[in-house]
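The values are calculated or read from the model by the stated rules, or taken from the named source; none is laboratory data. Note that the structure is a prediction, hence the values are computed from the model and not measured. Backbone-built Cβ (ideal geometry, glycine too); neighbour counts: all protein chains shown.
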Amino acid sequence: MKLFSLFALLLVIASCQSKPKKLIPLENLKIPLREKIKRSMETEYLEVMGIDEKTGQFLTEFYGKDKFKPKWINDSTLTEKGQQLKKILSNKLQFGIPDSRYKSLKWKKTSFLQDEILITTTLAFLAKDIQSGFLHPDTLLVKTLEPISSAELSKIIRFDSDTMTVEQQLVNLGPADTNYRQLADGLLEYCSHYPTDTNSFKVEPFKKDTLHAEENARASLFSKRYLASKDADSLTFVKALSQFQIHNGLKPDGVIGTYTAKALSESTVHKLLRTAVAMEKWRWKSKYPKKYIRINLPEFKLRLFTDDTLRSFNSIIVGKPETPTPELSSSIRQIVVFPYWVVPQSICNKEILPKVKNNVNYLARNDYKIFRKDVEVDPKTVNWSRYKDAFPFRVRQEFGPKNSLGIIKFEFHNKYGVYVHDTPQRNLFSSDIRAFSHGCMRCQYPVQLAKTILMKDSIRGRRNDIDTLKLDSLFALGENHRIDLRDPIPIFVEYKTVTVTNKVLIFHPDIYGRDEKYLKLLK
């Protein structure tokens, strides 16, 4: 009997201990507001809001400096500034920071007193993220939420509405880099005009779904606010579709092709998350040198800068999705006039061998020569039927009009064996999605690029021996010639799917799907 009574007592004690302590709502207490805020820093009240002990210490330090004076509330409600800031902080994606990052903070059914603490906490986290980012650049691990210092936060909360909006002041907390600022400003402008919704659509190209393609496209354009009505006339629809295509890095032809269909299917939130990834990459980027070339693969563009001034601008062709162009940084050390092309082994195996086995004259027709070590081999003396999938010789394409590298090449050391070069296939530059190569980057106006590089190539006042006139003479000679640069020019091959043109965000197709590895981390 005693054993039973003891067991019953233990059950009662365990039951009592398992029941959570019922907290008294602080806003109902008849104590000064500053005392209420101070008590909000107690562990049990912080836990209700999803705030950990370390952040609680930060809040105590921050509010304690001003004797726990409220920032966003009065005795009974949020102030006008508090209401404004709460609304702004409800869409952190407009600052390039994913909203999912703050899911631990519990905003549902909050009191005005809890709003005070949550606004300050969210603002401190957001300010830190805008400054330093949310991913570790080396490991790509998501950073732990961390508030900005209390001293910095004290400066931030003094929003000056006479000079700029609160949103713009928050944007300005980010890096001072011009590329970052333009993207951040473009994102803020975009979010003020277009809905931040998760609506996605299944839009097929005209060729696959002639019946429903336009219907689904209209629904997407209406949802994205490019159309005022799904029943707009055909001319209005085509104009809206063309404008949408411009904003998605596509040719504004009013036709629902493969990439237009993909862009229409993508939700606005997914596009904005890609923008957040692009902004994060700019946060990681160290300062560019005074002279450099920057290539952005999804944009299909090459830019040459010297002294913060754009000197040359080129469209480029990049690798196909199955042979993607890598991201890299190196330095261009040589310009080669009338280059030979030593064909990569993979191309020899997959493309050249089947054609040679079918017709040995293929090599001569395309100005290819084959070598065993350094000794040229007559292809007609080879028993090609012996070779199944491995080309047994080194292949070199002679310089000239048929050469795949065109008439000029820019060489830089990299482990991938890629470079920038000319191309005889000039017609490919008329395409908007120019992913056609085996990995190298084909330049639209390579001769002008070479001349600009040579004009700026000097070290300690000594210019390159080859000026623009001498370069023209080399082309007239029609011979293979290497030009060493006195001052090698840094080249950065990057991958950012969102850019800005005239303050407007452009969402380029993620041609290699490289954004997805980042986006998975944000879910």
Report, by residue number, each residue of region 172-222 that is in contact with a helix residue (DSSP H, G or I) (Cβ under 9 Å, 6 or more places away or on another chain), charged (D, E, K, R) and under 30 Å from Lys287 (Cβ atoms).
Asp177, Arg181, Asp185
Near pairs, Cβ below 8 angstrom, 6+ apart or cross-chain, from region 166-183 (hydroxyl-bearing (Ser, Thr, Tyr)) to any residue that is in a helix (DSSP H, G or I):
Tyr180/Met279; Tyr180/Trp282; Tyr180/Arg283
Kindly evaluate Glu42 against the criterion of being under 15 Å from Leu113 (Cβ atoms), surrounded by 12 or more Cβ atoms within 10 Å (Cβ to Cβ) and of a type in the set (D, E, K, R).
yes
For residues that are under 15 Å from Ala124 (Cα atoms) and touching a residue at least 40 places away in the same chain (Cβ under 8 Å), tally how many sit in region 69-90.
4
State whether the residues of region 80-103 include one that is surrounded by fewer than 22 Cβ atoms within 10 Å (Cβ to Cβ), among the basic types (Lys, Arg), under 21 Å from Ala151 (Cα atoms) and in the same structural domain as Pro25 (by TED's automatic domain parsing).
yes
Give the residues of region 114-131 that are over 9 Å from Glu146 (Cα atoms) and either of a type outside the set (A, V, I, L, M) or not in a helix (DSSP H, G or I) (or both), sorted by residue number.
Gln114, Asp115, Glu116, Thr120, Thr121, Thr122, Gln131
Note down all Cβ pairs under 8 Å where the first residue falls in region 219-241 and is over 14 Å from Val255 (Cα atoms), the second is in a loop (DSSP other than H, G, I, E, B) and of a type in the set (A, V, I, L, M), and they're at least six residues apart or on different chains.
Ser220/Val203; Phe222/Ala228
When you scan region 370-382, do you find a residue that is of a type in the set (A, V, I, L, M), under 25 Å from Ile317 (Cβ atoms) and surrounded by 17 or more Cβ atoms within 10 Å (Cβ to Cβ), even just one?
no
Could you grab me the full set of residues in region 25-68 that are outside any helix (DSSP H, G or I), under 12 Å from Thr120 (Cβ atoms) and not β-branched (Val, Ile, Thr)?
Ser40, Met41, Met49, Asp66, Phe68
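If you check Ile130, Ile156, which single one turns out to be surrounded by 12 or more Cβ atoms within 10 Å (Cβ to Cβ) and touching a Leu at 6+ places or on another chain (Cβ under 6 Å)?
On the way: Ile156 fails: touching a Leu at 6+ places or on another chain (Cβ under 6 Å).
Only one candidate qualifies: Ile130.
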Cβ pairs under 8 Å, 6+ apart, first in region 361-374 and small (Gly, Ala, Ser), second outside any strand (DSSP E or B)
Ala364/Pro379
